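The values are calculated or read from the model by the stated rules, or taken from the named source; none is laboratory data. If you're wondering where the values come from, they're calculated on a predicted model, not measured in any experiment. A quick note on method: Cβ atoms are made from the backbone with ideal geometry, for glycine too, and the neighbour counts reach across all protein chains shown.
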Amino acid sequence: MAHINMPEPDQQIIARKREIVAELIKAIGKEGVIHEPNETIAYECDALTAYRCPPLAVALPKTTQEVSKVLTICKQIGVPVIPRGSGTSLAGGALPTADSIVLGVARLNKVIEIDYDNRLINVQSGMTNLSVSGAVAEGEFFYAPDPSSQLACAIAGNIAMNSGGAHCLKYGVTTNNLLGAKVVMMDGEIVEIGGGQLDAGGLDLLGLICGSEGQLGVVTEATLKILPKPEGARPILLGFDDPEIAGTCVSDIIKSGILPVAMEYMDGLAIKACEEFAKAGYPTNVEALLIIEVEGSQEEIDEQLGKIKRIAKKHKPKVMRESESAVQSDLIWKGRKAAFGAMGQLADYMCMDGTIPTSKLPFVLKRMQEMSKEYGLRVANVFHAGDGNLHPLILYNANDPKEMQKCEEFGAEILKLCVEAGGCLTGEHGVGIEKRDLMNVQFNDQDMEIQMRVKDVFDPDWLLNPAKVFPLKNSQSRRGNYREHYRENYKASE
Amino acid sequence: MKKLEKPKSEDALCDLVKNAIGNKQTLKIIGGGTRPIGNAVVADSVINTSAIKGVSIFEPGALTLVANAGTSLEEIQKLLATENQHLPFEPADYRGLLGTKGNSTIGGVVAGGVSGPRRIQVGAMRDTLIGVRFVNGEGVAIKNGGRVMKNVTGYDLVKLMAGSHGTLGILTEVAFKVLPMVEKSNTLLVRGLSDVDATIVMSKALGSPYDIAGAAHTPAQNTKNSYAVTSIRVEGFEKSVAYRLSQLKEIIAQEMGSSIIIDVETNAKKSSDIWKSIRDVTPFHNAKGAVWKISVKPTDGAKVVNALSAIMQVKSLYDWGGGLVWLLVEEDTITNAEIVRKTVGNVKGHATLMRAENDTVLKIEAFHPQAKRLANLSNQLRAQFDPHGIFNPQLMEKTSTRTMLEAG
């Protein structure tokens with residue numbers, strides 16, 4: 001039995017399943033409602049597969065109006081709603097409870113407007129991240145945030161989790177590339193925040209909604225910033241025997257005034273697994289590998305890589321190799337983006353996502369190796385070195401409950417280490433349920449109280465994704481309210 | 001004379017806020033007092049945060065700066081410059097525009113949401129702000145975000161505090177992602193374009209792969225010459241800048257015809273002065289009339305100005321590729337103010353009254369009124385952060401239905 005608890009489902013809601021499903025079907029048609037147990041099981045988890053629970057039903061609306069109808073029904077009856085993009089969350093952000101409705105945006109997948117003059121695209125939020133870049137490719141533009149799951153993950157989920165990616169050192173994360181959103185509030189009202197202008201005006205509600213893990217509203221449309229494609233890009237591989245020296249090299253490059261678009265780090269174990277998997281040409285005889293990418297015209301790339309090489313040489317790298325062709329560059333990135341899949345070939349793994357100040361990199365890496373020995377579990381490191389966003393992958397056997405528990409404990413210790421080093425629990429995956437019970441490592445009760453008050457404003461009954469982000473004991477008094485209150489109201493209206 | 005408090009620490013500030021609640025007193029919050037933006041605030045006491053000062057962390061290799069909110073902007077800029085780094089969003093100095101004196105604080109820059117021309121390239125102030133500490137309306141110190149640039153732990157109150165003008169809490173500490181200064185910065189100057197053509201040229205430049213670091217347009221009425229000037233800034237390593245300038249010239253000539261006159265300002269000081277003038281809205285310093293800051297979709301900027309020009313005497317300056325319009329309305333009347341708001345509202349933009357000539361500022365909202373539900377959400381958020389309604393009452397919305405000190 002896994003150790004992250006979810007609240008007991010409300011049996012009275014479960015008992016009313018037929019009636020709730022009938023209401024949903026009446027509102028959005030039967031093709032948009034999934035309720036047979038053999039079908040709802042497909043929605044029992046996201047990419048945090050250790051935790052599963054089929055929802056009461058799944059609603060897949062086609063329009064913003066339909067989303068509004070679904071939320072209105074759920075609000076009236078008091079049913080918890082679990083918003084879902086593509087279900088790629090590594091943090092359990094889309095994990096249902098047995099008394100909840102999963103509201104999926106998969107059928108909201110159209111481009112509404114492309115405006116190259118204003119460098120923006122307006123899309124429905126079920127579109128995948130990569131398909132947004134695809135939609136503007138012919139205009140020589142792209143959408144910058146590039147999470148590893150970009151082939152599958154939806155813009156709605158990107159906004160909910162404020163997703164990052166490998167290239168955010170230069171281009172920022174989702175919140176820095178989001179201009180506007182159409183949001184359906186829990187009570188069904190549709191609001192528009194921002195749009196084509198650079199600032200939305202008033203308090204930054206858009207910035208607040210981005211990264212709120214589906215707890216404030218359901219985003220159905222998004223206006224996203226698109227950027228002109230660079231003339232070219234080229235990565236360089238730098239291999240070191242000592243992870244600490246690799247860390248210093250990263251810091252020296254940044255200090256020199258060069259801002260590469262990406263600086264990725266892999267340790268020995270990750271290098272070997274990725275090379276085996278993707279044949280990307282990584283050197284397998286080093287303990288630390290940096291993939292550094294710069295952009296521009298050929299001459300500009302030469303100039304920047306020249307400077308990087310001069311700095312790197314001072315740290316005596318064992319390997320220093322520029323990509324020699326577009327094909328090679330693609331392979332290098334394919335290897336990096338396949339890292340999680342490659343590790344999955346070695347063993348089951350749990351992927352952590354803490355961020356640390358880059359100056360603490362050597363200390364944290366060293367401490368993690370010590371902890372690996374203490375726990376008797378291997379850990380591989382693949383991460384965004386330029387911004388200190390670590391992804392330690394702890395290898396374990398998922399069929400061994402004891403080892404799984406040990407793995408979760410080890411993971412929690414790593415995240416505590418990140419916070420102690422001056423960093424945070426999660427850099428881009430989100431809190432979900434995975435880091436929910438660690439929130440008090442980073443925040444005190446008052447820091448969390450003010451955040452929960454924000455949710456009180458947007459969703460006073462705590463129906464939207466209620467058991468996520470905040471430790472259950474902190475949110476208990478709020479989550480408890482809706483049931484009695486609404487059950488009474490509903491009866492009264494019957 | 002109102003009581004002026006200058007707390008030296010976050011603890012002292014918490015005590016002051018608790019006392020104010022106990023005494024049912026409202027508070028006006030100021031940093032350096034150089035940017036009095038928003039509705040006029042009438043409060044019982046003034047809290048000046050400039051004594052909560054000092055830089056606690058500056059790590060050039062991690063591009064990180066953490067400072068107490070009262071630290072002067074000048075001190076921070078000087079410190080960053082010792083390592084050849086800077087605040088990338090180029091905070092504007094509004095002293096000339098707003099007729100204020102004193103020293104801007106970094107907390108004021110954050111509370112005011114102040115970003116300059118480079119925001120089109122590197123993002124706004126809110127995009128580089130990575131952490132805050134603030135004291136809420138119950139006298140409790142709160143932290144959010146941190147000192148790392150990738151952080152999605154809990155809700156992003158950092159963004160909410162940025163540009164909240166001291167209506168949600170009093171900032172005590174702010175953390176930024178800083179960036180290296182560039183080796184070279186040149187400005188391309190295109191002569192004589194109409195506002196509409198200038199917008200086209202700026203869009204083309206911003207849609208090119210040449211990483212434009214500024215795109216502004218000054219119509220002829222505001223220049224010392226008799227022609228309009230469209231300025232496009234290119235930054236980076238020396239060779240790269242030269243290459244990009246030549247490419248851009250070709251793009252512009254293709255768009256506007258080969259007879260178009262394009263100059264290049266290569267002198268570092270002169271190029272920097274051009275952008276300082278754009279950033280600080282220098283042409284409107286001491287000008288008679290009301291000054292509006294208008295935020296619209298870039299291609300709507302010139303349309304709004306043209307529509308307004310047909311009705312009233314206006315002068316305009318464009319930044320952010322046309323997305324930011326500084327508008328000088330020569331005759332500052334309520335009627336004109338309402339027309340400005342309506343015209344901007346028609347294209348879903350928003351207009352902030354930054355400086356008024358007459359008492360318009362007392363009669364209309366300084367900030368563009370929001371749609372009803374958004375306004376409600378904002379007011380409810382204020383009620384959660386500042387339940388007694390003591391911080392900068394009415395600064396962001398004077399028609400607020402909130403009663404002050406209702407819970408006091």
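For the reader, a short list of remarks on this structure follows.
- Looking only at residues in the range B:363-408 that are in contact with a helix residue (DSSP H, G or I) (Cβ under 8 Å, 6 or more places away or on another chain), closer than 19 Å to residue A:194 by Cβ and of a type outside the set (S, T, N, Q), the one that is modelled with the lowest pLDDT is B:397.
- Residues (assigned to a loop (DSSP other than H, G, I, E, B) and either more than 7 Å from every other protein chain (Cβ to nearest Cβ) or among the charged types (D, E, K, R) (or both)) located in the range B:125-179: B:137, B:138, B:139, B:147, B:150, B:156, B:165, B:166, B:167, B:168, B:169, B:178
- Here is the figure for the range A:241-263: residues that are surrounded by fewer than 24 Cβ atoms within 10 Å (Cβ to Cβ) and not in a helix (DSSP H, G or I) total 7.
- Annotation note: Cβ proximity below 9 Å between a residue of the range A:195-223 that is more than 7 Å from chain B (Cβ to nearest Cβ) and without any contact (Cβ under 8 Å) to a residue 60 or more places away in the chain and a residue that is basic (Lys, Arg) and surrounded by 23 or more Cβ atoms within 10 Å (Cβ to Cβ) (sequence gap 6+ or interchain) occurs for A:206/B:159.
- Odd one out for residue A:442 among (1) out of contact with any strand residue (DSSP E or B) (no Cβ under 9 Å at 6 or more places or on another chain); (2) buried (at least 20 other Cβ atoms within 10 Å of the Cβ); (3) within 26 Å of residue A:351 (Cα to Cα): (1)
- Selection of the range B:129-160 for residues being out of contact with any Leu (no Cβ under 7 Å at 6 or more places or on another chain) and among the β-branched types (Val, Ile, Thr) yields B:130, B:140, B:142, B:148, B:152.
- Checking B:52, B:21 one by one, the residue that is part of a helix (DSSP H, G or I) and not assigned by TED's automatic domain parsing to the domain that holds residue B:355 is B:21 and no other.
- The number of residues in the range A:121-131 that are buried (at least 23 other Cβ atoms within 10 Å of the Cβ) and either in contact with a Gly (Cβ under 8 Å, 6 or more places away or on another chain) or not in a strand (DSSP E or B) (or both) comes to 4.
- Any chance residue A:173 is within 12 Å of chain B (Cβ to nearest Cβ) and within 18 Å of the chain's Cα centre (by Cα): yes
- Total residues in the range A:224-263, condition among the charged types (D, E, K, R) and within 13 Å of another protein chain (Cβ to nearest Cβ): 5
- Some residue of the range B:244-252 being free of Cβ contacts under 8 Å to residues at least 60 places away in the same chain, within 14 Å of chain A (Cβ to nearest Cβ) and in contact with a Gly (Cβ under 8 Å, 6 or more places away or on another chain): yes
- Single residue of the range A:418-439 satisfying the filter (of a type outside the set (Gly, Ala, Ser), facing chain B (nearest Cβ under 10 Å) and assigned to a loop (DSSP other than H, G, I, E, B)) that is farthest from residue A:173 (Cα to Cα): A:435
- Scope the range A:266-305; condition in a helix (DSSP H, G or I), farther than 18 Å from residue A:246 by Cα and among the small types (Gly, Ala, Ser); matching residues: A:273, A:278
- Hits in the range B:357-372 (condition: within 12 Å of another protein chain (Cβ to nearest Cβ) and surrounded by fewer than 16 Cβ atoms within 10 Å (Cβ to Cβ)): B:371, B:372
- None of A:68, A:89 is among the small types (Gly, Ala, Ser), in contact (Cβ under 8 Å) with a residue 12 or more places away in the chain and not in a loop (DSSP other than H, G, I, E, B) except A:68.
- Selection status of residue B:158, touching a Ser or Thr at 6+ places or on another chain (Cβ under 8 Å) and either among the aromatic types (Phe, Trp, Tyr) or crowded, with 21+ Cβ neighbours inside 10 Å (or both): no
- Residue A:319 vs. criteria in contact (Cβ under 8 Å) with a residue 60 or more places away in the chain, more than 25 Å from the chain's Cα centre (by Cα) and under 27 Å from residue A:258 (Cα atoms): yes
- Inside the range A:180-194, residues that are facing chain B (nearest Cβ under 8 Å) and either surrounded by fewer than 23 Cβ atoms within 10 Å (Cβ to Cβ) or of a type in the set (D, E, K, R) (or both) make up a count of 4.
- When the range A:358-382 is filtered for residues that are more than 20 Å from the chain's Cα centre (by Cα) and within 24 Å of residue B:61 (Cβ to Cβ), the ones remaining, listed by number, are A:358, A:359, A:360, A:361, A:362, A:363, A:364, A:365, A:366, A:367, A:368, A:369.
- Cβ pairs under 8 Å, 6+ apart, first in the range B:320-346 and assigned to a loop (DSSP other than H, G, I, E, B), second among the basic types (Lys, Arg): B:323/B:297; B:330/B:288; B:330/B:315
- Qualifying residue in the range B:96-111 (condition: in a loop (DSSP other than H, G, I, E, B) and in contact with a Lys or Arg (Cβ under 6 Å, 6 or more places away or on another chain)): no
- Residue list for the range A:341-370, filter: within 14 Å of another protein chain (Cβ to nearest Cβ) and in a strand (DSSP E or B): A:355
- Residue within the range A:178-196 that is modelled with pLDDT of 95 or more and either within 22 Å of residue A:340 (Cα to Cα) or of a type in the set (S, T, N, Q) (or both) present: no
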